[in-house]
Amino acid sequence: MFDRTNHAEFTNNQFIEIQNATPSPPDLAKTRLVESIERDSHLNGYRPEDPTTIKVPKITFDIISCLPVVAQQRYGTSNSMSPTNYGSCAFDLAQSLNLLPSQEYGVLLSMVEVELHKVSRYNDRYCGYLSRHGLVLLASRYAQRVSMASGTSGNIVLDTSLGRFNVFEHDYRTYIHFDSGIRTAAPDVGVDKERNESMPDMDVIRRVAGGQHLVRDLYAVPGTISTTPQEWTQPGSVPIIKMAISSLLQDLECSVFLPTKAAKEWEQVAQFSCDMLQAVTEIFFSIEEPKRLVQLRDILRETMIREGLNGASLTGYNKGVEQEVAEVGLVLKLMLGNPEGLSKTPALSFDTIHRMVFTDFAALCNGHTMLRAATLDYAKLHDTSIKRFFALFEAYKTHKSADRLEEELRKLLHKNENICLVLWQGVLGKMAYWNARKALQLGIEAPEEWIQFALAQDSDILIG
């Protein structure tokens, strides 16, 4: 659906319809269609005395990609637009993009000459042409929502700060209707980012729509993460829950479209991680053993309450292993154990979260070794903790409950010295939560019909 190429050809700038041509009815000059054409005569060149051809807009991907993003964003945030006065909404869209002859970028607009009896139309409105990929790029820059229309119409609805786009099929062809009078607020992300010339917007959009993610390896050597190569994952090669604790999602140069299935999986990872952190911090702040660790935990918490987060460091003490473990628990509580901390977490840079996670792992390895008074295999400790995290996630999918997670984690405390194993689950939860929120922040959830529309090859679609 929505992926058929329109069969047409251009010869010396002349548009010739190969199929679905509609012969001119005898009373064409009296129809509402001609009224629509006459309304735009100052733009389409219609002449009643010689009604043989008109010119219609052809808005290509190249034209849209050349328009300055900042200028488009400024226009898109305006709330003064009125419903179109044009006979074809192709001109309405051109106006919204500042492409009309009297506007700033009017020189870029391409006009195609069409014989009047071959003008493509829908109902009483005549059509111009809009690139499929051009529409996808506009949606990336300005869309707030992508949804399916209610009922059985099968229409794709794009709610953007430029206006509302309806994408639908009629007589085996794909059409777009644009209404500038129904607009959302300007998107919060994406449109004000600097372009990455080595990665065109459409390449990024299509990769993500196809199930790929741009990542860096979480387990790169500390201090080298910024120079670790970025890689695109292969669709379906790694379960999302595994990706969430083994990779660092990277920022993109545009907003993208997440298939509904992937978006739901990331939402589930975010909720699981949030409940995991709640369970871990609840346990950590309720334990009464080991004594020294509990004492340092309480001193840190009191210092933080009295002096704020920056004061929550025991500078008057020789910082030892137990303090490092206590700080891991306190930071989990401060960052992710409350709504305010959760809201700020996605803003952390990937190198910051990488440094924090590795610092936590080192503290917990040392802490577990000291508390258990034994030499441990750190690689085995990490692998066992990851397997436990996956097992808890699988159980959580059936019974979504922070209390159930807490109950399972408390089983590790058959020995009080195992508190670091509990905190380890919290650190993995912190990593997973950061990735999940990053994925959901960068992407707009989109139905399968829009995903297939974006993945199809570029073609000219009728807009009217």
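The values are calculated or read from the model by the stated rules, or taken from the named source; none is laboratory data. Since we're looking at a predicted model, the values are computed, not measured. All Cβ positions, glycine included, derive from the backbone under ideal geometry; neighbour counts span all protein chains shown. All accessible areas refer to the heavy atoms of the entire protein, side chains included, with ligands and DNA or RNA removed. Shrake-Rupley method; radii C 1.70, N 1.55, O 1.52, S 1.80 Å.
The table below lists the values:
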read-out	value
Largest-first principal axis extents, alpha carbons of the stretch 382-435, Å	28, 22, 16
Cα gyration tensor category, rounded, prolate or oblate, for the stretch 312-442 with a/c compared to 1.5	oblate
Residue-span extension gain [D171 to I305] - 0.36 nm each, minus C-alpha spacing	41.5 nm
Candidates per chymotrypsin sites (Phe, Trp or Tyr not before Pro) in the stretch 364-464, loop by DSSP, up to 16 other Cβ within 10 Å	none
Tensor-based shape of the stretch 116-268 (alpha-carbon gyration tensor, a/c under 1.5 rounded, otherwise prolate or oblate)	prolate
Global geometry of the stretch 335-405, whether rounded, prolate or oblate, following the gyration tensor of its Cα atoms and the 1.5 cut on a/c	oblate
Dipole magnitude (debye, nearest 20) for the stretch 316-464, charges at Cβ of Lys, Arg, Asp, Glu	660 debye
Net charge over other residues, Cβ less than 11 angstrom from the Cβ of N85 (K, R count +1; D, E count -1)	-1
Local net charge near S246, Cβ-Cβ under 11 Å (Lys/Arg +1, Asp/Glu -1)	+1
Linear extension gain, K118 paired with S41, 0.36 nm per residue minus alpha-carbon span	26.0 nm
Positive minus negative residues near A263 (Lys, Arg vs Asp, Glu; Cβ under 12 Å)	-2
Length released on extending from K380 to D251, taking residue separation times 0.36 nm less the Cα-Cα span	43.2 nm
Computed accessible area, T359, all protein chains, 1.4 angstrom probe, square angstrom	80 Å²
Cβ-derived FRET efficiency at R0 56 Å, D179 paired with Y219, nearest 0.05	0.70
